[in-house]
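Working notes for the structure below.
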Amino acid sequence: MTIANTVEASKITLSELMLPSHSNFSGKIHGGYLLKLMDQIAFACASKYSGCYCVTASVDTVDFLNPVDVGELVTLKASVNYVGNTSIVVGIRVTSEHIQTGIKKHCNSSYFTMVAKDEKGQNVQVPKLILSNLEEVRRFYDSINRIENKKRIKEIETNFDYKSKKAIDNLKKYNVVISDNLF
């Protein structure tokens with residue numbers, strides 16, 4: 001196994017023309033189809049980087065910023081942003097291009113956490129990440145911050161008492177009706 005690998009060595013680009021078969025009833029490309037492409041490039045990027053089979057462990061926020069139309073060329077770019085012991089965070093940027101006009105749109109960005117596996121399905125150590133420039137350092141730290149924030153949120157959710165009077169009263173400021181037989 002490689003002891004260390006560069007971000008550059010992990011980079012992958014995937015482009016695909018969007019067809020009518022990829023669209024929803026409004027003529028826009030299904031978000032699920034884009035997610036499928038994102039999962040494929042995350043797998044390819046993490047596997048290329050680690051030299052191992054990798055599986056998706058989690059997906060951090062996917063905000064669909066702009067719709068993709070049939071006939072546009074979608075390009076996904078992926079690279080490793082962070083590595084742990086057995087996990088790899090892959091950053092993905094999705095753009096679409098109207099092939100006649102050349103107008104490009106940023107459609108979404110997301111972060112997939114992938115886990116390296118051996119032939120028996122056991123987690124395996126991944127190579128260290130060689131950071132070669134300050135942009136790669138920033139992306140690594142951004143990943144650390146996302147990981148730490150997820151831990152804090154999970155702790156808050158675990159310890160939050162949704163049954164308390166304070167929590168129930170707090171719901172009054174939201175668009176809900178509290179049923180009388182709730183308790």
Review point. Limited to the stretch 70-122, what total is found for residues that are under 15 Å from Leu17 (Cα atoms), in contact with a helix residue (DSSP H, G or I) (Cβ under 6 Å, 6 or more places away or on another chain) and β-branched (Val, Ile, Thr)?
Key: 1
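Here is a list: Asp69, Asp169. Which entry is open to solvent by 30 Å² or more (accessible area, probe 1.4 Å), touching a Lys or Arg at 6+ places or on another chain (Cβ under 7 Å) and more than 30 Å from Asn5 (Cα to Cα)? Step through it out loud before you land on a result.
Details: Asp169 fails: touching a Lys or Arg at 6+ places or on another chain (Cβ under 7 Å).
Unique residue meeting the criteria: Asp69.
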Review point. Can we say Thr95 is without any contact (Cβ under 8 Å) to a residue 24 or more places away in the chain, open to solvent by less than 90 Å² (accessible area, probe 1.4 Å) and either in contact with a His (Cβ under 8 Å, 6 or more places away or on another chain) or in a strand (DSSP E or B) (or both)?
Key: yes
Review point. Which of (1) part of a helix (DSSP H, G or I); (2) under 25 Å from Gly31 (Cα atoms); (3) of a type in the set (Val, Ile, Thr) is the odd one out, the single condition Ile144 does not satisfy?
Key: (2)
Review point. If you check every pair at least six apart or on different chains, which have Cβ atoms under 8 Å apart with a residue in the stretch 8-24 that is in contact (Cβ under 8 Å) with a residue 24 or more places away in the chain and closer than 22 Å to Ser79 by Cα first and a residue that is among the hydrophobic types (A, V, I, L, M, F, W, C) and exposed (fewer than 14 other Cβ atoms within 10 Å of the Cβ) second?
Key: Leu17/Ile99
Point to revise | Condition check for Thr2: within 22 Å of Val137 (Cβ to Cβ) and of a type in the set (Ser, Thr, Tyr) | key: yes
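Would you mention how many residues in the stretch 124-166 are surrounded by 11 or more Cβ atoms within 10 Å (Cβ to Cβ) and either among the aliphatic types (A, V, I, L, M) or out of contact with any Gly (no Cβ under 9 Å at 6 or more places or on another chain) (or both)? Working first, answer last.
Residues of the stretch 124-166 that are surrounded by 11 or more Cβ atoms within 10 Å (Cβ to Cβ), as a first pass: 124-132, 136-144, 146-147, 149-150.
Now restrict to residues that are either among the aliphatic types (A, V, I, L, M) or out of contact with any Gly (no Cβ under 9 Å at 6 or more places or on another chain) (or both): 124-126, 128-132, 136-138, 140-141, 144, 146-147, 149-150.
Summing the residues that are surrounded by 11 or more Cβ atoms within 10 Å (Cβ to Cβ) and either among the aliphatic types (A, V, I, L, M) or out of contact with any Gly (no Cβ under 9 Å at 6 or more places or on another chain) (or both) in the stretch 124-166 gives 18.
Within the stretch 108-133, track down each residue that is in contact with a Cys (Cβ under 6 Å, 6 or more places away or on another chain) and not in a strand (DSSP E or B). Explain how you work it out, then say what you get.
Going through the stretch 108-133, the residues in contact with a Cys (Cβ under 6 Å, 6 or more places away or on another chain) turn out to be 114, 116, 124.
Once the filter is applied, which keeps residues that are in contact with a Cys (Cβ under 6 Å, 6 or more places away or on another chain) and not in a strand (DSSP E or B), the stretch 108-133 yields only Val124.
Would the stretch 81-92 turn up any residue that is in a loop (DSSP other than H, G, I, E, B), touching a residue at least 40 places away in the same chain (Cβ under 8 Å) and within 19 Å of Gly27 (Cβ to Cβ)? Before you say what the answer is, go through the steps one by one.
Initially, the stretch 81-92 is screened for residues in a loop (DSSP other than H, G, I, E, B), giving 84-86.
When the remaining residues are screened for being touching a residue at least 40 places away in the same chain (Cβ under 8 Å), the result is 84-86.
Going one step further and asking which of them are within 19 Å of Gly27 (Cβ to Cβ), we end up with none.
No, because not a single residue in the stretch 81-92 is in a loop (DSSP other than H, G, I, E, B), touching a residue at least 40 places away in the same chain (Cβ under 8 Å) and within 19 Å of Gly27 (Cβ to Cβ).
The values are calculated or read from the model by the stated rules, or taken from the named source; none is laboratory data. All values reported here derive from a predicted model rather than from experimental measurement. Methodologically, a virtual Cβ is constructed for each residue, glycine included, from the backbone with ideal geometry; neighbour enumeration extends over all protein chains shown. We work out accessible area using only protein heavy atoms, side chains counted, and drop any ligands, DNA or RNA first. Shrake-Rupley method; radii C 1.70, N 1.55, O 1.52, S 1.80 Å.
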